[in-house]
Amino acid sequence: MKVVGLMSGTSADGIDAALVDLTGTGADTRIRLLAFDTFPYPPGVQERVLGAATRPLTVQTLAHLNVLLGELFARAAVEVVQHAGLPLEEVALIGSHGQTVAHAPAPVEDTGFTVRATLQIGEPAIIAERTGITTVADFRVRDQAAGGHGAPLTPFVHFVLFRHPTLHRGVLNLGGIGNLTVIPAGVGLEGVFGFDTGPGNMLIDGAVVHVTGGKQASDHNGPLARQGHIHARLLDWLLGHPFLALSPPKTTGREEFGAAYLRRVLTQVRRWQVKRADLVATLTTFTARAVADQVERFVRPRVALDELIVAGGGADNLVLMASLQQALPDVKLSRCDDHGLPARALEAVAFAVLAREAYEGRPNNVPGATGAARPVLMGKIVPGWHPQGRG
């Protein structure tokens, strides 16, 4: 089955699209990547998406943005298939994570109900109509309905790709947020666990935008961090963030480590007269140290990692990777690319796999990571109209 996976992460800088060929089923799925590309949002859309996540807006504005992103996700699906030189009719399914604009997994009591909330936009009905291909989307809510956090979503696919009979492995995705899947040697899916570790690239990117006056959006390969020195007082303050002390299952996002938190960081920067390059260097080290802190607190008591496989945009930051290796000296560090899959493609590939599992009626969450009461089938299915995509 050929399936497209679509993903836009916390940074909201564009849409990752992967076309994969899937054979086998469940945990024995075999994945062959046929094409991958990233499609930046048109000018102004990123700002509107981030605004939807951080500022009050009308329901009409949110509804409009939902449909607009549906159009953009549909176009990304069409283009990645074209890049592979295939007709759309050969694609059986699309899995779309959408764009998260709100994620509030902590339970809130309201008129006798326990409410956990999340919202992803990028209307799947638009994707199905524009492409003709059955589309699976809105993955998080079913896990939340079963008492989970609705995140992290990708541990099932990490297990499929990276489990090993004798090595205890972790899979760390460093997107806007860091999330970790732990796969002990030789276990089944029920032995897998995971959680969000804290910021991935989010704080680093925000600081780079600030110190360059918007001329740069990220510290690709880490040149700014390399110019600076770690500011010990700021690093200690960052490592005191209360999220790090929370026990799993746990997830986080822009609500904890977005613009509001960056403003608090910049207040400390001014108070302690931290140099610009030192700020980027310190936030890069904090991201790595936060991961190491979470491994020490919540992984080592259960299993000693042999290898940590890193994916996401953070895997391209050489300074961040070096800091991570320094913080975890007894763990072998590798990139997703070393295992045959581009680091930036992993999450888009994951949503192709999760969509196929949902479409064929198999549970695709990992309760050990999300905290759900049981395995559930995540994803809502919108039938297509191509012969291969009728549902």
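The values are calculated or read from the model by the stated rules, or taken from the named source; none is laboratory data. Note that the structure is a prediction, hence the values are computed from the model and not measured. Using ideal geometry, Cβ is built from the backbone for each residue, glycine included, and neighbour counts are taken over all protein chains shown. These accessible areas exclude ligands, DNA and RNA; they are computed on the full protein's heavy atoms, side chains included. Shrake-Rupley method; radii C 1.70, N 1.55, O 1.52, S 1.80 Å.
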Practice problem: Identify, by number, the condition in (1) assigned to a strand (DSSP E or B); (2) in contact with a His (Cβ under 7 Å, 6 or more places away or on another chain); (3) more than 21 Å from A260 (Cα to Cα) that P105 doesn't meet. | Solution: (3)
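Restricting segment 215-235 to residues that are open to solvent by 80 Å² or more (accessible area, probe 1.4 Å) and in a loop (DSSP other than H, G, I, E, B), which is farthest from Q326 (Cα to Cα)? Reasoning before the result, please.
From segment 215-235, those open to solvent by 80 Å² or more (accessible area, probe 1.4 Å) are 215, 220, 226-227, 229-230, 233; that's our starting set.
Still in the running and in a loop (DSSP other than H, G, I, E, B): 215, 220, 229-230.
Working: K215: 30, H220: 19, H229: 15, I230: 14 Å.
Checking each candidate, the answer is K215.
Is it fair to say L86 is within 22 Å of the chain's Cα centre (by Cα), open to solvent by 40 Å² or more (accessible area, probe 1.4 Å) and not aromatic (F, W, Y)?
For L86, the condition - within 22 Å of the chain's Cα centre (by Cα), open to solvent by 40 Å² or more (accessible area, probe 1.4 Å) and not aromatic (F, W, Y) - is not met.
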Self-check item: Set L354, L346: member being closer than 24 Å to D37 by Cβ and in contact with a Cys (Cβ under 7 Å, 6 or more places away or on another chain)
Solution: L346
Quiz prompt | Scope segment 298-315; condition touching a helix residue (DSSP H, G or I) at 6+ places or on another chain (Cβ under 8 Å) and assigned to a loop (DSSP other than H, G, I, E, B); matching residues | solution = L305, G312
Quiz item: List the pairs whose first member sits in segment 242-258 and is within 22 Å of Q120 (Cβ to Cβ), whose second member is charged (D, E, K, R), and whose Cβ atoms are under 7 Å apart, counting only residues at least 6 apart or on separate chains?
Solution: F243/E256; K250/D196; T251/D196; T252/D196
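Of the residues A322, A290, A304, A260, only one is surrounded by fewer than 22 Cβ atoms within 10 Å (Cβ to Cβ), within 22 Å of the chain's Cα centre (by Cα) and modelled with pLDDT of 95 or more; which?
Details: A290 fails: surrounded by fewer than 22 Cβ atoms within 10 Å (Cβ to Cβ); A304 fails: within 22 Å of the chain's Cα centre (by Cα); A260 fails: modelled with pLDDT of 95 or more.
That would be A322, the only listed residue that is surrounded by fewer than 22 Cβ atoms within 10 Å (Cβ to Cβ), within 22 Å of the chain's Cα centre (by Cα) and modelled with pLDDT of 95 or more.
Out of curiosity, is L33 outside any strand (DSSP E or B) and either surrounded by 15 or more Cβ atoms within 10 Å (Cβ to Cβ) or under 21 Å from the mean Cα position of the chain (by Cα) (or both)? Full working, then the answer.
Working: outside any strand (DSSP E or B): no; either surrounded by 15 or more Cβ atoms within 10 Å (Cβ to Cβ) or under 21 Å from the mean Cα position of the chain (by Cα) (or both): yes.
No.
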Quiz item: Can you find even one residue in segment 138-147 that is under 18 Å from R362 (Cβ atoms), within 14 Å of the chain's Cα centre (by Cα) and not in a strand (DSSP E or B)?
Solution: yes
Self-check item: Pairs where the first residue, in segment 50-77, is of a type in the set (S, T, Y) and the second is surrounded by fewer than 18 Cβ atoms within 10 Å (Cβ to Cβ), C-beta under 8 Å, 6+ apart
Solution: T54/A259; T54/A260
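Does at least one position in segment 116-132 carry a residue that is outside any strand (DSSP E or B), surrounded by fewer than 23 Cβ atoms within 10 Å (Cβ to Cβ) and of a type in the set (G, A, S)?
Initially, segment 116-132 is screened for residues outside any strand (DSSP E or B), giving 122-132.
The next check asks that each one be surrounded by fewer than 23 Cβ atoms within 10 Å (Cβ to Cβ); those that pass are 125-126, 129-130, 132.
Remaining after also requiring of a type in the set (G, A, S): 125, 132.
For segment 116-132, residues outside any strand (DSSP E or B), surrounded by fewer than 23 Cβ atoms within 10 Å (Cβ to Cβ) and of a type in the set (G, A, S): present.
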Quiz item: Name the residues in segment 77-123 that are over 20 Å from I15 (Cβ atoms), touching a strand residue (DSSP E or B) at 6+ places or on another chain (Cβ under 9 Å) and of a type in the set (V, I, T), would you?
Solution: V108, T114, V115
Self-check item: Residue that is farthest from L22 (Cα to Cα) [pool: residues in segment 342-391 that are under 16 Å from the mean Cα position of the chain (by Cα) and open to solvent by 30 Å² or more (accessible area, probe 1.4 Å)]
Solution: R344
